[in-house]
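**Q** So that we are looking at the same thing, I have put the structure below in structure tokens.
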Amino acid sequence: MPKHVKREAGIMLDSDLERVKPTIVYRLFNPQVPVIICSKSKKGVAAMPANSCSPVSDSPPLISIALKKGIRTNKIIRSSLLFSINWVNFNPESSRRVILDLAKTSESESQSSDKLKENKIPYVIVRGAPVLKRACAFAICRVQKRLTTGDHDLFIGRVSIARAIQDFTKDEYWRFEDYKPVLYIGSIRPYPLMTISK
């Protein structure tokens, strides 16, 4: 057997492959584009960055988001059954700051507080959901189903409306001319956010 190959549980593996703890496998998915999830229920406005967001069907258009149980955003989405997904640009720096600010726990856990106002982040209400004014794209989703998945809830939302800047709408793919996606590379890094090279 060549030196660079080892056998584990009857399977041939390249010896450069080291063990990864199952509890941190989610980090193998980085870098990812974090989106801002926003929701509103009565007077309460919740917002947070999430990279556990994915399309799960084209027709009908369905999006999934996984949110930790017990957090305020999860509770507000459970109540409103509505959320927005917001994509922001890497530049200016204030756009990146939105992600870092919203990653922090809300000053108030009250269901009637407004996390976007607390962080001075401008937004508008579109079809009942908060949408960031600085977003390069957004989608409004109505919850169709909620599934319990370990310590998270998986929300499946149907897209009711979506808008994007021309960088996307010219040919229905990102051109990455005006839009420079924020890439999340890990919270323990001194600079957890980066973008694609120029």
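**Q** Consider Asn89 against the criteria (1) free of Cβ contacts under 8 Å to residues at least 40 places away in the same chain; (2) touching a Ser or Thr at 6+ places or on another chain (Cβ under 6 Å); (3) of a type outside the set (Asp, Glu): it satisfies all of them except one. Which criterion is unmet?
**A** (1)
**Q** Taking the criterion of being in contact with a Cys (Cβ under 6 Å, 6 or more places away or on another chain) and among the hydrophobic types (A, V, I, L, M, F, W, C), would at least one residue in the stretch 176-184 satisfy it?
**A** So the first thing to find is which residues in the stretch 176-184 are in contact with a Cys (Cβ under 6 Å, 6 or more places away or on another chain), and the list is 179.
Adding the requirement that they be among the hydrophobic types (A, V, I, L, M, F, W, C) leaves none.
No, the stretch 176-184 contains no residue that is in contact with a Cys (Cβ under 6 Å, 6 or more places away or on another chain) and among the hydrophobic types (A, V, I, L, M, F, W, C).
**Q** Considering only the stretch 29-134, give the helices (runs of 4 or more DSSP H) lying wholly within it that have at least 2 residues that are buried (at least 16 other Cβ atoms within 10 Å of the Cβ) and hydrophobic (A, V, I, L, M, F, W, C). Show your work before the answer.
**A** Working: elements: 72-80, 93-103, 115-118.
Ranges flagged: 72-80, 93-103.
**Q** Which members of the stretch 128-146 meet the condition of being closer than 21 Å to Ser59 by Cβ and free of Cβ contacts under 8 Å to residues at least 40 places away in the same chain? Steps first, please.
**A** Keep residues of the stretch 128-146 that are closer than 21 Å to Ser59 by Cβ, which gives 137-145.
Hit for the stretch 128-146 is Lys145, nothing else.
**Q** Val126 versus (1) under 17 Å from the mean Cα position of the chain (by Cα); (2) within 26 Å of Asp178 (Cα to Cα): which is the lone unmet condition?
**A** Val126 satisfies all of (1) under 17 Å from the mean Cα position of the chain (by Cα); (2) within 26 Å of Asp178 (Cα to Cα) except (1).
**Q** Could you identify the single residue in Ser106, Ser94, Ser39, Ser79 that is over 14 Å from the mean Cα position of the chain (by Cα), hydroxyl-bearing (Ser, Thr, Tyr) and within 30 Å of Ile196 (Cβ to Cβ)? Break it down stepwise before answering.
**A** Working: Ser106 fails: within 30 Å of Ile196 (Cβ to Cβ); Ser39 fails: over 14 Å from the mean Cα position of the chain (by Cα); Ser79 fails: within 30 Å of Ile196 (Cβ to Cβ).
On inspection, the qualifying residue turns out to be Ser94.
**Q** Please specify each residue of the stretch 135-178 satisfying the condition of being β-branched (Val, Ile, Thr) and assigned to a loop (DSSP other than H, G, I, E, B).
**A** Residues of the stretch 135-178 that are β-branched (Val, Ile, Thr), as a first pass: 140, 143, 148-149, 156, 159, 161, 165, 169.
If the condition is that a residue be β-branched (Val, Ile, Thr) and assigned to a loop (DSSP other than H, G, I, E, B), then Ile165 is the only one that fits.
Just so you know, all these numbers are worked out from the coordinates, no wet-lab data involved. For clarity, every value in this text was computed on a predicted model and none was experimentally measured. Counting neighbours? That spans all protein chains shown, and the Cβs are built from the backbone with ideal geometry, glycine included.
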